[in-house]
Amino acid sequence: MSRIIALPHRILATGITVVAFGDPGQLPPIHGDPFFTNANFTLTQIHRQAFENPIIRQAHRVRSGGTYERDGDSVRVISRLSADELRATDVVLTGRRETRMRMNAEKRRVLGLESHLPRQGEPLICLRNTRKHALCNGAIYYASRDLEAGDKTVGISTDVGDVEVHAVFLGPGHEYDNIELPPGGWMTAFSYGYALTVHQAQGSEFDRVLLLDEWFRDDRSRWLYTGITRARERLVIAARSDRDSGHDFPKERWRADQTDLARRGWIAKERRLGVRNDGRLRLPLCFCAHARARGEDRALRVG
């Protein structure tokens, strides 16, 4: 990490001219502060051609403190998530790690993938830079072959061809296990990339995005803006009915709901996302606390 922090200073020390572009409306880095904090120029005007894009229009709404809404066929807001909708999306964006792990497992289930190990063509997120193969932490790659138990390397498709990378694979439910990797940058780790947190997805874009609206902290507007702008062509936001209408619950009520629901045993931490007997999809506590507090069913129907 210290090398990464020192890199901009080393570049500037060469005396070359650096032109840096950024978006102050997005979330800050997970660790540390942005290196460039004071802009020489700030672009504030959205040109007509860009503002005609429904995704950009909704991103501007939430960045300005407003609420998102359905916008043609490119931006949809739903309260029931179908299996077909889940299959059709390129990535599911979440607010919480627990939700991400559950959605990784659920996406593989609806695709009919039973093996815990990646099959050829599945998306994998890289969890550490590897200089040997020029793989970047946080980037999405695709498995070039089926991974078998006992394999020491993971086959990855890159822009320059398929490579075998010495790596640890963290399967469903273990995406955030602590692992010790040897120094030197020759070994990395991968986990499934069907679902990412919005923080993880910064810097990436996808044609079709499913955003689970479950972030209600002080930086909610920045979180929504960052999530919405990950989509290039189609955005689906899964939200409760109160979110559709743009009404927010106070934070105090939200925290009270969480405490009360946990005490009454509505959600257990170890419970994984799954489909109930009535065909509905279990969602984590943060996504459905308000619905249960209002006496509504806390699951989205799948299929």
Number of the condition not met by Ser191 [criteria: (1) modelled with pLDDT under 50; (2) within 27 Å of Leu147 (Cα to Cα)]: (1)
Test: Pro34 is at pLDDT below 85 and either under 25 Å from the mean Cα position of the chain (by Cα) or open to solvent by 80 Å² or more (accessible area, probe 1.4 Å) (or both): yes
Which numbered condition Arg108 fails, given (1) open to solvent by less than 60 Å² (accessible area, probe 1.4 Å); (2) closer than 29 Å to Asp213 by Cβ; (3) without any contact (Cβ under 8 Å) to a residue 12 or more places away in the chain: (3)
Ser204 being of a type in the set (Gly, Ala, Ser) and at pLDDT 95 or above: no
Helices (runs of 4 or more DSSP H) enclosed by the stretch 47-105 - at least 1 residues per element that are among the acidic types (Asp, Glu): 83-88
Hey, Gly150 under 27 Å from Gln120 (Cα atoms) and not in a loop (DSSP other than H, G, I, E, B) or not: no
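The values are calculated or read from the model by the stated rules, or taken from the named source; none is laboratory data. Source: prediction; values computed, not measured. Virtual Cβ from ideal backbone geometry, glycine too; neighbours counted across all protein chains shown. To get the accessible areas, we keep the full protein, side chains included, count just its heavy atoms, and leave off ligands, DNA and RNA. Shrake-Rupley method; radii C 1.70, N 1.55, O 1.52, S 1.80 Å.
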